[in-house]
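The values are calculated or read from the model by the stated rules, or taken from the named source; none is laboratory data. As the structure is a prediction and not an experimental result, all values here were calculated from the model. Cβ sites come from the backbone with ideal geometry, for glycine too, and all protein chains shown count toward neighbours. Calculation scope for accessible area: heavy atoms of the full protein, side chains included, ligands and nucleic acids excluded. Shrake-Rupley method; radii C 1.70, N 1.55, O 1.52, S 1.80 Å.
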Amino acid sequence: MVALVLSFFVVLEWFPLSTQIPFQKYGVFAAVFCSVWLVSAYLMHRYVRVKYQKIDISIYRLLFSATLTFGVMLVYMYAIPPRRNYSIWVLLTIWIVMVAWAIVILIISHAYNYATYAEPEPQRTLDRGPQPVLRAPVSRDAAQVEAIRKVIADTASPLLPLFLDKYLDISSSNTFVLRSAEMFNILKLRDYRFDVIINLMPLNQIRGINHMFGVINDKLPDDGLYVCCYEPQSTTKRKMLTRFTPVFGWMYYFTQYLFKRVLPKIFMTERLYFDLTEGKDRILSKAEVLGRLCYCGFEIVAEHKYGDLTYVIARRSFTPATIHKKRYGILVQLERVGKNGQPILVYKFRTMHPYSEYIQSYIYDKYSLQAGGKFKRDIRVTTTGRWLRKAFVDEWPMLLNLFQGDVKLIGVRPISQQYLSLYSPELQEKRLHHKPGLMPPFYADMPSTLDEIQQSEMRYLDSCERRGTFLTDIIYFFKISVNLLFRHAHSN
């Protein structure tokens, strides 16, 4: 209806017409045209949900009903007495404009429906109970073991078998080795038959990584091991930059990054990308691969890089309740601990790779904290994210939390449950009685270690209880403002 009204308005207002009163002359004509258009469209079953139509059928129905409308209007203009003094060019112009509008609307509707289509999630057994391996392992004969080691060495790296020997037994009959991107080769495995599954096909060549991880999680017994490999983003970047001169190398990397890294993460282009490329040659960061494994029920045991590929050994630790495709936009919601221990969702601009939120414990175990309480060599933070953090841009969306009342202007930093567990029990308890803030006391004291951060927050909370929150927040506001404006304090 909006398109019909706009079509008549555009033609009668902007197109050169012989009449000086176009809206009065063509008012009845417009009403008849709209009525005939809507009735013919209804008779052609155009007004059904787009998800139940194909685009070629939709366009055929549109053109048929539009042609029918044009014919009926010609009869109305010339055959039905009294003869109407209407211009055939006005009818033709409005008809063309309306058909163009309808085609654009159809294309957008079908494109959205195509992009948002989701395949049904596979049925999962959420509580399967303890599941040991079905058969006790036996040792393969020397010839079989040598053949398997040779395949691994030739396919991957001569040093890879030595790395695997530290964590698993290649000679065991319960170790299964394959190199495949096809889900069929995983699905056909009997449940709990193998306690080690090794796939030498790089994840960059696999469509549906989460789905494959979920199926392997179901196939493995308790504490079963899964070995996968991938080419990290840093290696892909280096190869692209050395392939051309510096200027063309960066241009080539930028275009490839947009196509292979950004488009798969946007919901309107995700499915189109995978249909065109079948998921081949994707750019994957280390944080994303490890995060996907942890999200799909694994814990990281070890990782090592041989040549261009990084190999990861992961242990099945739990059965994930659901495994969905995750879409990652510029704005993210992060779960944090609020007042009285209630979880709150804080808004931030994305500064980390996808799935980074699932490897915080792994990063803490592997990398110690640096000055300021952040992780050393935090692989989760992107290059753009580091700039956003230094400029405080990443925290601007938290103003929404301030307006919603989840946080106040001055207060302890809203942190995750895992990070809170690093604090002393006394500070954890005291934190629960106060609302977190947008500007933390960290920027007033500029502590360097985790202990100093805890001391800084304890001083602030003690001051709130002695002096009152309002007076304390005023004092800290001026201290923080001075450090931010004149001492260039920033977040890592």
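Taken per residue, the accessible surface of the range 1-120 reaches 63 Å², heavy atoms only and a 1.4 Å probe.
Using a 1.4 Å probe on the protein chains only, how many percent of the accessible area of the chain belongs to carbon and sulfur?
Details: 16180 of 26400 Å².
With neighbouring chains kept in place, the figure for the chain is 61 percent.
In order along the range 147-158, the Karplus-derived 3J(HN,Hα) couplings, from 6.51 cos²θ - 1.76 cosθ + 1.60 at θ = phi - 60°, round to 5, 5, 4, 5, 4, 5, 5, 6, 6, 10, 8, x Hz, and Gly and Pro are given as x. In this structure Ser65 has an accessible area near 0 Å², from a 1.4 Å probe over the protein heavy atoms.
Look at the dipole of the chain built from charges on Cβ: of Val196, Leu258, His110, the Cα furthest out on the positive end belongs to His110. Here Tyr112 sits with roughly 120 square angstrom of accessible surface, probe radius 1.4 Å.
Ranking Pro161, Phe470, Ser35 by how far each Cα lies toward the positive end of the dipole of the chain (charges on Cβ) leaves Ser35 at the top.
Between Leu272 and Ile21, what's the calculated FRET efficiency when r is the beta-carbon distance and R0 is 56 Å? Round to 0.05.
Values: r = 49 Å, r/R0 = 0.87.
Efficiency for this residue pair is about 0.70.
Just to be sure I follow the rule: in the range 218-323, considering lysines 8 or more places apart or on different chains, how many pairs have Cα atoms under 18 Å apart? Taking the range 218-323 as the scope, the lysine pair count is 13.
If DNA, RNA and ligands are ignored and the probe is 1.4 Å, what is the ranking of Ile57, Ile108 by accessible area, most exposed first? Walk me through the intermediate numbers first.
On the way: Ile57 75, Ile108 110 Å².
The ranking, largest first, comes out as Ile108, Ile57.
Convex hull of alpha carbon positions in the chain: directionally averaged projected area 35.2 nm². With the simple model of a label 7 Å out from the Cα in the direction of the Cβ, Tyr364 to Leu484 spans 2.7 nm. Enter the Cα centre distance for the pair the range 240-270 and the range 1-34, rounded to the nearest angstrom. Spelled out, the Cα-based centre of one part sits 48 Å from the other.
For the chain, what is the charge dipole size about the Cα centre, in debye to the nearest 20, if Lys and Arg each add +1 at the Cβ and Asp and Glu each add -1 at the Cβ?
Details: 61 positive and 41 negative charges, 199 e Å.
About 960 debye.
Once both labels are positioned 7 Å from their Cα atoms along Cα-to-Cβ, the gap between Ile105 and Gln428 label points is 5.8 nm. Net charge in the neighbourhood of Tyr273 (other residues with Cβ under 12 Å of its Cβ; Lys, Arg +1, Asp, Glu -1) is +3. This model, with +1 at the C-beta of Lys and Arg and -1 at the C-beta of Asp and Glu, gives the range 146-275 a dipole about its Cα centre of some 660 debye. Calculated FRET efficiency, Ser139 to Phe470, Cβ-Cβ distance, R0 = 56 Å: about 0.15 to the nearest 0.05. Protection proxy ranking, highest mean first, for peptides 277-290, 295-308: 277-290, 295-308, where packing is the per-residue count of other beta-carbon atoms within 10 Å, averaged.
Would you mind working out the magnitude of the charge dipole of the range 385-486 relative to its Cα centre, with +1 at each Lys and Arg C-beta and -1 at each Asp and Glu C-beta, to the nearest 20 Debye?
Details: 12 positive and 12 negative charges, 49 e Å.
Once rounded to the nearest 20, the dipole reads 240 debye.
Using the Cβ atoms and a cut-off under 14 Å, what net charge is assigned to the surroundings of Ile148, where Lys and Arg are +1 and Asp and Glu are -1? Surrounding charge for Ile148 is -1.
Taking each residue as 0.36 nm, the span from Val75 to Phe254 lengthens on full extension beyond its C-alpha to C-alpha distance by 58.6 nm.
Using just its DSSP H runs of length 4 or more, each adding -39500 (n - 2.57), the chain gives a mean residue ellipticity at 222 nm of -15000 deg cm²/dmol after division by all residues.
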